[in-house]
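The values are calculated or read from the model by the stated rules, or taken from the named source; none is laboratory data. Every value quoted in this text rests on a predicted model; they were computed, and no experiment measured them. Cβ placement follows ideal geometry from the backbone for every residue including glycine, while neighbour counts extend to all protein chains displayed. Just so you know, the surface numbers come from the protein's heavy atoms only, side chains and all, with ligands and any DNA or RNA stripped out. Shrake-Rupley method; radii C 1.70, N 1.55, O 1.52, S 1.80 Å.
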Amino acid sequence: MKQKVLKRSKKAALVLMVPTATFLMAGCGQEEAVQTAAFETVDQCAAYFNPEQCRADLNQALTMHTQVAPKYTDKAACETDFGVGQCETPAQAAAAAGTEQPAQQAQASSGGFFMPMMMGFLAGQMLNRSGGQLKQPVQAQPLYKSRDDRSTFRTATNTPVARGVGPTYIKPSSVQPKAAGTVNRGGFGAQAAKRSSSTKSFGG
Amino acid sequence: MKKVACDERPGWRSYAESVGFEFHTFDGEVYWDETAYYQFNLRQIEQDLEEPTEELHQMALGLVDDIIRDEEKLQQLAIPEKFWDFVAESWRAKAPSLYGRLDLVYDGNGPAKLLELNYDTPTSLFETGFFQWVWLEDQIMRGKVPQGADQFNSLQDQLEAAFAELPLANPLYFASVANSIEDKGTVMYLMDIAKQAGLDSRFIELEQLGEASGQLVDLDGYAIGGLFKLYPWEFMVQEDFASVILSSQTQWLEPGWKMLLSNKGILPLLWQKHQGHPNLLESHFEQPGQSFGAGWVRKPLFSREGANVELVTPSGEKISEPGPYADSAFIRQKFQPLPKFGDSYTMIGSWVVGNSAAGIGIREDNSLITKDSSRFLPHIILD
């Protein structure tokens with residue numbers, strides 16, 4: 001007899017929306033480390049990953065560099081942490097990367113601050129056993145090196161992630177990039193407020 | 001396809017509330033309605049709804065290349081010029097998309113006709129994917145629905161697979177506006193499925209999203225690598241953070257290219273390319289000052305839940321729904337009346353996850369225009 005193929009889901013379970021289930025889930029919250037990699041160049045990265053993805057990851061890291069790098073008003077203070085000759089202005093970073101800064105960032109950087117130079121990038125992908133690529137559990141981002149430890153790659157928030165170029169294990173939550181500088185809020189939602197008298201949803 | 005009266009499950013309201021479905025009744029009006037269900041046979045589901053849904057979806061995707069290479073079309077869809085590259089780039093980069101819903105007119109005898117695509121912020125997701133699924137299991141168990149009844153509803157399974165398989169950022173943030181419990185409910189459901197698929201899903205109110213040095217950030221100032229937003233693209237591109245969309249290294253769900261397909265202007269473009277297709281209704285962009293007559297429906301390019309829709313039936317009766325979306329251009333679509341079951345006009349919302357049809361949700365209204373207050377009814381498949 002032919003097995004009937006159902007047109008509906010095999011299960012419909014909830015884990016977050018049901019209070020008791022959330023409680024049961026609480027014990028399974030141990031975050032697992034995943035394997036990713038740190039590189040200085042696209043060529044190094046291409047030995048492990050698709051070169052096109054490597055270029056995209058490097059470009060993303062370069063763009064984020066200005067956004068997340070630790071900021072100093074004083075060049076000497078920056079060099080104390082990162083080494084003499086290892087600090088730059090956003091304009092110098094953009095020139096080095098060969099990119100035009102978006103107008104908004106150029107404006108933000110006109111105050112003239114200093115930040116460490118980007119020394120490498122974290123690949124936004126992880127390795128699996130077959131050497132292929134899985135989803136992106138970590139965000140591609142710039143890496144830095146401190147003055148007193150030139151072998152260790154660190155994120156913009158000073159989390160060490162790798163000793164030298166190549167694969168490394170990290171917990172994704174420990175390398176979530178944090179923006180440096182003033183945070184503005186409330187930039188989305190104005191249209192909802194304006195139109196809210198006549199609708200209960202902004203979906204449809 | 002028929003409508004069958006059915007006893008309600010005792011205590012379903014408290015069950016609904018216990019699983020976060022607080023909007024089952026809204027402003028004292030019934031929203032979730034299980035006093036009846038709709039019954040289809042398998043041929044109706046597979047040939048008249050499932051197959052056309054996937055075909056229409058492919059036809060819609062097939063328009064994206066045409067639009068991003070044609071300034072006239074981008075202007076017809078009122079996409080701000082500042083975002084043309086963003087939209088095109090999101091398409092070329094194959095930025096992943098989660099889901100969409102097609103609204104169809106269907107009375108049991110084909111072909112179903114496409115009313116519109118809800119491809120940016122479709123809702124009624126929890127009602128479809130979870131609550132009507134549980135309703136069926138319960139009613140089979142209680143003997144109120146025949147043993148062997150099925151449902152066209154693989155929505156939750158397919159969403160879970162999509163969250164697991166698509167190249168998505170992790171953690172993945174989910175945002176909806178602060179004052180809508182319906183939108184929050186939809187987003188909580190998606191977060192729940194994402195969590196089951198192994199993602200770290202985090203909620204943030206849309207109004208609380210932050211910006212620092214051009215990067216979108218969460219409440220603690222951490223960069224947001226991926227954001228599902230239950231908020232229309234056409235609003236976002238004209239708000240204060242519009243420039244952050246361009247500067248932030250954020251993966252958006254739905255992606256930028258969905259701005260094109262959630263636009264009612266897609267209907268005349270579909271008609272231009274596939275004129276006479278059995279699942280399409282004749283549609284045109286409205287010319288300035290043009291009047292519209294009997295047998296036509298007028299819809300704004302941007303509108304949700306039937307708002308600002310006007311129609312004139314072939315006999316000349318005028319029906320219109322007020323709303324907050326009058327500030328855009330309009331399209332006209334040939335009037336196709338929704339079928340009437342008892343006193344109610346019935347519309348079918350047909351879901352797409354990835355490129356697969358994933359089930360249906362049924363909405364009923366006392367008027368010919370389906371809107372956000374329209375009742376949701378469950379359905380079954382029985383051969």
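Of all residues in region A:49-85, those being away from every other protein chain (no Cβ under 14 Å) and surrounded by 18 or more Cβ atoms within 10 Å (Cβ to Cβ) number 4.
Applying the criterion of at least 2 residues that are closer than 30 Å to A:Arg55 by Cβ to the strands (runs of 3 or more DSSP E) found wholly in region B:84-182 leaves B:172-176.
Residues are listed down the side, and each one gets a yes or a no for (1) at pLDDT 95 or above; (2) outside any strand (DSSP E or B); (3) farther than 14 Å from B:Leu104 by Cβ:
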site: B:Ile319; (1), (2), (3): no, no, yes
site: B:Gly323; (1), (2), (3): no, yes, yes
site: B:Asp327; (1), (2), (3): no, yes, yes
site: B:Gln333; (1), (2), (3): yes, no, no
site: B:Gln336; (1), (2), (3): yes, yes, no
site: B:Gly349; (1), (2), (3): yes, no, no
site: B:Val352; (1), (2), (3): yes, no, no
site: B:Ala357; (1), (2), (3): yes, no, no
site: B:Ile360; (1), (2), (3): yes, no, no
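Condition check ((1) among the charged types (D, E, K, R); (2) part of a loop (DSSP other than H, G, I, E, B); (3) open to solvent by 30 Å² or more (accessible area, probe 1.4 Å)) across all residues:
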{"position": "A:Asn158", "(1), (2), (3)": "no, yes, yes"}
{"position": "A:Ala162", "(1), (2), (3)": "no, no, no"}
{"position": "A:Pro167", "(1), (2), (3)": "no, no, yes"}
{"position": "A:Ser173", "(1), (2), (3)": "no, no, yes"}
{"position": "A:Thr182", "(1), (2), (3)": "no, yes, yes"}
{"position": "A:Gly187", "(1), (2), (3)": "no, yes, no"}
{"position": "A:Gln191", "(1), (2), (3)": "no, no, no"}
{"position": "A:Lys194", "(1), (2), (3)": "yes, no, yes"}
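Entry remark, region B:35-47: residues being open to solvent by less than 70 Å² (accessible area, probe 1.4 Å), assigned to a helix (DSSP H, G or I) and not charged (D, E, K, R) number 3 in total. Examine region B:257-264 for a residue that is of a type in the set (Phe, Trp, Tyr), within 14 Å of another protein chain (Cβ to nearest Cβ) and in contact with a Phe, Trp or Tyr (Cβ under 6 Å, 6 or more places away or on another chain), and state whether such a residue exists. There is no residue in region B:257-264 that is of a type in the set (Phe, Trp, Tyr), within 14 Å of another protein chain (Cβ to nearest Cβ) and in contact with a Phe, Trp or Tyr (Cβ under 6 Å, 6 or more places away or on another chain).
Scanning region B:315-352 for residues that are of a type in the set (Asp, Glu) and either touching a Cys at 6+ places or on another chain (Cβ under 7 Å) or within 14 Å of chain A (Cβ to nearest Cβ) (or both) turns up B:Glu321, B:Asp327.
Might you check whether a residue that is part of a strand (DSSP E or B) and open to solvent by less than 10 Å² (accessible area, probe 1.4 Å) occurs anywhere in region B:251-258? Break it down stepwise before answering.
Within region B:251-258, the first condition is being part of a strand (DSSP E or B), and the residues that meet it are B:251-253.
With open to solvent by less than 10 Å² (accessible area, probe 1.4 Å) added as a condition, the list becomes B:253.
Checked region B:251-258: at least one residue is part of a strand (DSSP E or B) and open to solvent by less than 10 Å² (accessible area, probe 1.4 Å).
Just one of the listed residues (B:Trp91, B:Trp32, B:Trp84) is without any contact (Cβ under 8 Å) to a residue 60 or more places away in the chain, surrounded by 14 or more Cβ atoms within 10 Å (Cβ to Cβ) and not acidic (Asp, Glu), and it is B:Trp84.
Condition check: at pLDDT 85 or above, open to solvent by 40 Å² or more (accessible area, probe 1.4 Å), more than 21 Å from A:Ser151 (Cα to Cα) and at the interface with chain B (Cβ under 10 Å from one of its Cβ atoms). Does A:Lys11 satisfy that? So A:Lys11 fits the description; yes. Taken over region B:219-242, residues that are in contact with a strand residue (DSSP E or B) (Cβ under 9 Å, 6 or more places away or on another chain), small (Gly, Ala, Ser) and in contact (Cβ under 8 Å) with a residue 24 or more places away in the chain amount to 3. Could you check how many residues of region B:102-119 are of a type in the set (Asp, Glu) and either free of Cβ contacts under 8 Å to residues at least 40 places away in the same chain or in contact with a Pro (Cβ under 6 Å, 6 or more places away or on another chain) (or both)? Matching residues across region B:102-119 total 1.
Of all residues in region B:48-75, exactly one satisfies the criterion of being open to solvent by 50 Å² or more (accessible area, probe 1.4 Å) and touching a strand residue (DSSP E or B) at 6+ places or on another chain (Cβ under 7 Å), namely B:Glu54.
One residue stands out in region B:172-189 among those that are open to solvent by 10 Å² or more (accessible area, probe 1.4 Å) and within 7 Å of chain A (Cβ to nearest Cβ): the one that is farthest from the chain's Cα centre (by Cα), namely B:Asn179.
Please verify whether region B:301-314 includes one or more residues that are away from chain A (no Cβ under 14 Å), aliphatic (A, V, I, L, M) and either assigned to a loop (DSSP other than H, G, I, E, B) or touching a helix residue (DSSP H, G or I) at 6+ places or on another chain (Cβ under 6 Å) (or both).
Step one: list which residues in region B:301-314 are away from chain A (no Cβ under 14 Å), which gives B:310-314.
With aliphatic (A, V, I, L, M) added as a condition, the list becomes B:311-312.
Then keep just the ones that are either assigned to a loop (DSSP other than H, G, I, E, B) or touching a helix residue (DSSP H, G or I) at 6+ places or on another chain (Cβ under 6 Å) (or both); that gives none.
Checking region B:301-314: not a single residue is away from chain A (no Cβ under 14 Å), aliphatic (A, V, I, L, M) and either assigned to a loop (DSSP other than H, G, I, E, B) or touching a helix residue (DSSP H, G or I) at 6+ places or on another chain (Cβ under 6 Å) (or both).
Of the strands (runs of 3 or more DSSP E) entirely within region B:195-249, those holding at least 1 residues that are buried (at least 23 other Cβ atoms within 10 Å of the Cβ), more than 7 Å from chain A (Cβ to nearest Cβ) and aliphatic (A, V, I, L, M) occupy B:215-217.
From the list B:Ile331, B:Ile380, B:Ile369, the lone residue that is open to solvent by less than 50 Å² (accessible area, probe 1.4 Å) and touching a His at 6+ places or on another chain (Cβ under 9 Å) is B:Ile331. Open to solvent by 40 Å² or more (accessible area, probe 1.4 Å) and more than 9 Å from chain A (Cβ to nearest Cβ) - does that describe any residue in region B:145-156? Yes - at least one qualifying residue is present in region B:145-156. Residues in region A:162-186 that are within 14 Å of chain B (Cβ to nearest Cβ) and small (Gly, Ala, Ser): A:Ser173, A:Ser174, A:Ala179, A:Ala180, A:Gly181, A:Gly186.
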